[in-house]
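The values are calculated or read from the model by the stated rules, or taken from the named source; none is laboratory data. Small disclaimer: the values here were computed from a predicted structure and weren't measured. Every residue, glycine as well, gets a Cβ built from its backbone with ideal geometry; the counts of neighbours run over all protein chains shown.
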């Protein structure tokens, strides 16, 4: 009983959601369904009733009746059947084309909606494997598993159409051969039981397949991604990648094989019941005809009605089961869409002017982890101050930036901007404070201009100045379409492949163009050698001028020209001060790091 209630809670909300979505966005689709519903009813009833009169009139002619008396009825019945068939075929073609067009529209609509949800949801969700699994279930569930809006509406309106047909044929059967009703209904009840068992197996395996499909898709994407070509060849990783892809492909095939294996007995039982039903139906109608209780035309009508009744009832019940199943799949989208914000959203606006950043006893550990990444971090960064954050890999430097940018909320303590807890600010307002270049920054297969401007207001003069400041202007002017040249060749064969240094400069241009009061570099030059990294950091430091700047590195490229240095170790800030102060701490962490790396900076620190 509990299981049944759970399904109803999924089906009704999902069905309402689909109907509401269709009505709001493309109400014309209901015209297509109205046409299909009415033509299905009309064709069934005309074929069954006309066939009776057609056969009776032909039998009368064969038995010696006057041709001129019976032939007009034969012609009328044949013309009616043919005319209705041609009309319904034409209308159905138009309606199905409408459905196809709107079906594609809704598929794209939900792709966009799903992407929009992923882009707008709190960042911590995007690093949660459970959320990624739910996202994959939502995508699959709203896709080919359920058929999306049109798939579910197909089931819904098929049920309505079959209810109309069943109502019509029940009337015919009740008058002509009433015992057919219990034969069809009992058979249907038995088949429904076994069909439901088979469908339950499919739903069970759908949940299992979600994670398999995500891994399967990941490995096949990596294998086909040209960017992995060098590693695949130089490290001979083809066999490893192929074996993993084969493993998940086999897992997928095995899952479908298990579905077929466990469902087979229910399919066979349903086939046997269908055979018995047909035998009993023909036996009963045949006895009526032989006993001359019904005419040959009635016999034909009863056979057609029995078949239409059974398959109509079957379509209603099976449609109900299928709509439950489809809604079960599509409900995963509703669940994903309903994932709440992980963080409390404020509404305060920032006041223009100088901004002071304060970390007050901040401690943090990632969700699903017991280990703290940061403990009792206290730090103040004043307007215009340039801070260098250093430490070995894994010391918590990037986590420090994620907390400052409010990608995660602190667990203990608080972060303040201008004396106000950052949780009280509007997200949009707050994030305008920052221009960040991460180590794993992303460039898109858009134009060079679009990669830099993104959602900022376009200003060509500002763009040119930014490119010049970052040392990328001359390179950009050599491109075929200059600023409009597409980066990468993913979607444009005339696109350009930027070098690693040019990509870094593009990311830095993006940060400069945004013109935010706080600029952060989180090791975007980690792949470069220390001297090249030092030169980029020094130049960038000159470019940001009086803005607040935070430089993250496990090397010391930015330390000499920064106002303060924060040394992260053992989950907290272990040392804090200027370069001269820290270098003189005996056995200090910073002093040790500097001694180990000094050869790179002594001649380049001026």
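Going through 402, 345, 349 one at a time, which residue ends up being surrounded by fewer than 15 Cβ atoms within 10 Å (Cβ to Cβ) and closer than 22 Å to residue 131 by Cα? Testing whether each residue is surrounded by fewer than 15 Cβ atoms within 10 Å (Cβ to Cβ) and closer than 22 Å to residue 131 by Cα leaves just 345. Determine, yes or no, whether residue 39 is at pLDDT 90 or above and surrounded by fewer than 16 Cβ atoms within 10 Å (Cβ to Cβ). Answer is no for this residue.
Conditions: (1) crowded, with 21+ Cβ neighbours inside 10 Å; (2) free of Cβ contacts under 8 Å to residues at least 60 places away in the same chain; (3) farther than 26 Å from residue 122 by Cβ. Residue 480 meets all but one. Number of the miss? Tallying (1) crowded, with 21+ Cβ neighbours inside 10 Å; (2) free of Cβ contacts under 8 Å to residues at least 60 places away in the same chain; (3) farther than 26 Å from residue 122 by Cβ, residue 480 fails exactly one: (1). Residue check: is residue 530 at pLDDT below 75, crowded, with 20+ Cβ neighbours inside 10 Å and outside the structural domain of residue 457 (by TED's automatic domain parsing)? Judged against the criteria, residue 530 is not a match. Pairing residues of segment 100-115 that are assigned by TED's automatic domain parsing to the domain that holds residue 36 and over 27 Å from residue 132 (Cβ atoms) with residues that are at pLDDT 90 or above and not in a helix (DSSP H, G or I), at Cβ distances under 6 Å and at least 6 apart in sequence or on separate chains, gives 102/26. Number of residues in segment 21-72 that are within 22 Å of residue 102 (Cβ to Cβ) and either in contact (Cβ under 8 Å) with a residue 40 or more places away in the chain or not in a helix (DSSP H, G or I) (or both): the value is 15.
Based on this model, can you work out whether residue 401 counts as in contact with a strand residue (DSSP E or B) (Cβ under 8 Å, 6 or more places away or on another chain), closer than 22 Å to residue 509 by Cβ and either assigned by TED's automatic domain parsing to the domain that holds residue 569 or part of a strand (DSSP E or B) (or both)? Yes, satisfied. Of the set (1) on the phi < 0 side of the Ramachandran plot; (2) over 24 Å from the mean Cα position of the chain (by Cα); (3) modelled with pLDDT under 75; (4) exposed (fewer than 13 other Cβ atoms within 10 Å of the Cβ), all apply to residue 236 but (1).
Out of 337, 328, one residue alone is surrounded by 19 or more Cβ atoms within 10 Å (Cβ to Cβ) and modelled with pLDDT of 80 or more. It is 328.
Scanning segment 119-167 for residues that are in contact with a helix residue (DSSP H, G or I) (Cβ under 6 Å, 6 or more places away or on another chain) and at positive phi yields a single hit, 148. One residue alone among 583, 536 is out of contact with any strand residue (DSSP E or B) (no Cβ under 7 Å at 6 or more places or on another chain) and closer than 18 Å to residue 436 by Cβ, and that residue is 536. Scanning segment 562-578 for residues that are in contact with a helix residue (DSSP H, G or I) (Cβ under 8 Å, 6 or more places away or on another chain) and modelled with pLDDT under 90 gives a single hit, 562.
Condition (residue is closer than 28 Å to residue 27 by Cα and modelled with pLDDT of 85 or more) applied to segment 69-82: is it met by at least one residue? No, because not a single residue in segment 69-82 is closer than 28 Å to residue 27 by Cα and modelled with pLDDT of 85 or more.
The single condition among (1) surrounded by 17 or more Cβ atoms within 10 Å (Cβ to Cβ); (2) over 32 Å from the mean Cα position of the chain (by Cα); (3) at pLDDT below 75 that residue 512 does not meet is (3). If I filter segment 300-314 for residues that are over 30 Å from residue 154 (Cα atoms), in contact with a helix residue (DSSP H, G or I) (Cβ under 9 Å, 6 or more places away or on another chain) and crowded, with 16+ Cβ neighbours inside 10 Å, do I get at least one hit? Within segment 300-314, one or more residues are over 30 Å from residue 154 (Cα atoms), in contact with a helix residue (DSSP H, G or I) (Cβ under 9 Å, 6 or more places away or on another chain) and crowded, with 16+ Cβ neighbours inside 10 Å.
Per the conditions (1) in contact with a strand residue (DSSP E or B) (Cβ under 9 Å, 6 or more places away or on another chain); (2) within 25 Å of residue 548 (Cα to Cα), the sole criterion not satisfied by residue 351 is (1).
Being more than 34 Å from the chain's Cα centre (by Cα), assigned by TED's automatic domain parsing to the domain that holds residue 114 and part of a helix (DSSP H, G or I) is true of residue 285. Among the residues of this structure, residue 332 counts as one that is in the same structural domain as residue 51 (by TED's automatic domain parsing), in contact (Cβ under 8 Å) with a residue 40 or more places away in the chain and either in contact with a strand residue (DSSP E or B) (Cβ under 7 Å, 6 or more places away or on another chain) or under 30 Å from residue 406 (Cα atoms) (or both).
Of the set (1) buried (at least 21 other Cβ atoms within 10 Å of the Cβ); (2) modelled with pLDDT of 85 or more, all apply to residue 473 but (1). I'd like to check something: does segment 440-448 contain any residue that is part of a helix (DSSP H, G or I), at pLDDT below 90 and crowded, with 17+ Cβ neighbours inside 10 Å? Yes - at least one qualifying residue is present in segment 440-448. In summary, residue 394 fulfils each of the numbered conditions (1) in contact (Cβ under 8 Å) with a residue 60 or more places away in the chain; (2) outside any strand (DSSP E or B) with the single exception of condition (1). When restricted to residues that are more than 16 Å from residue 435 (Cα to Cα) and modelled with pLDDT of 75 or more, segment 543-559 contains 3.
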